[in-house]
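Undergrad: Sharing a structure below in structure tokens format, with a few things to ask.
The values are calculated or read from the model by the stated rules, or taken from the named source; none is laboratory data. A quick note: this is a predicted structure, and the numbers were derived from the prediction, not measured. When we count neighbours, we look across all protein chains shown, and the Cβ atoms used for this are built from the backbone with ideal geometry, even at glycine. Just so you know, the surface numbers come from the protein's heavy atoms only, side chains and all, with ligands and any DNA or RNA stripped out. Shrake-Rupley method; radii C 1.70, N 1.55, O 1.52, S 1.80 Å.
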Amino acid sequence: MSEFTHFNEQGRAKMVDISAKEETVRTAQAKTSIQVTKEVYEKITNHEIGKGDVLSVAQVAGIMAAKQTSQVIPMCHPISIKGVNIEFDWDVRDNHYTLLISVTVKTKGSTGVEMEALTSASITALTVYDMCKAVDKGMIIGPTYLVEKTGGKSGDFLRNEI
């Protein structure tokens, strides 16, 4: 296992110095999901949730979350996001309703965007929950995971789908 880099010589937390790292194009894709009831599914797809268009609001929240990741993850560098794309798909079978959320984040910089993609996916799902909780509080979020990352010193990563 590689050495943890977020500790100084005294064993205390530090933000890693990335000033010597080469700027490259970096991408990360994360996925999550939220299981909902048939009623929630129908209200979302028919635009009947009183708080507004659930997927549009969740999409904007996810984009905002990607841009603000360094504000909530202590050792995460503030970076210039070059693009965020959030896509939704429904998996409906056997009376189970799951909203699939896929987030891709891109930058050109000295550090990757894995945390931005994961944060964005999480906040997107949490926003769906928040907007629909008046209908059902039993929704289940997850799993949330990194699918792929490209660029940077550590190279590319591609997960075998879960």
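Undergrad: Between LYS153 and LYS14, what is the label-to-label distance in nm when each label sits 7 Å out along the Cα-to-Cβ direction?
TA: 1.3 nm
Undergrad: Would you mind working out the accessible area per residue for the chain, using a 1.4 Å probe, and quoting it in Å²?
TA: 60 Å²
Undergrad: So how exposed is ILE73, as accessible area in Å² (1.4 Å probe, rounded to 10)?
TA: ILE73 has an accessible surface of roughly 60 Å² with all protein chains in place.
Undergrad: Another question, then. Measuring from label point to label point, each 7 Å out along Cα→Cβ, what is the HIS6 to ILE140 span in nm?
TA: 2.8 nm
Undergrad: Okay, moving on. So, counting K/R as plus one and D/E as minus one, what does the shell of residues with Cβ under 12 Å around ASN8 add up to?
TA: Within the 12 Å Cβ shell, the charges total 0.
Undergrad: Is any residue of the stretch 130-161 close enough, with backbone N under 17 Å, to a label point placed 7 angstrom from the Cα of ARG93 along the Cα-Cβ axis, and if so, which?
TA: Only 143, 161 fall inside the zone, counting backbone N under 17 Å.
Undergrad: Put a dot 7 Å past each Cα toward the Cβ at THR24 and LYS38; how far apart are the dots in nm?
TA: The answer from the label model is 5.0 nm.
Undergrad: Oh, and also: Would you compute, from DSSP H runs of 4+ residues alone, the mean residue ellipticity of the chain at 222 nm, taking -39500 (n - 2.57) per run and dividing by the full residue count, rounded to the nearest 500?
TA: Taken over the chain, the calculation gives -8500 deg cm²/dmol.
Undergrad: Summarise the accessible area of the chain (1.4 Å probe, protein heavy atoms) by the percent that is carbon and sulfur.
TA: Percent of accessible area from carbon and sulfur atoms in the chain: 51.
Undergrad: On to the next question. Whenever you get a sec, line up LYS149, LYS21 from highest to lowest accessible area (probe 1.4 Å, protein heavy atoms).
TA: The most accessible residue leads, giving LYS21, LYS149.
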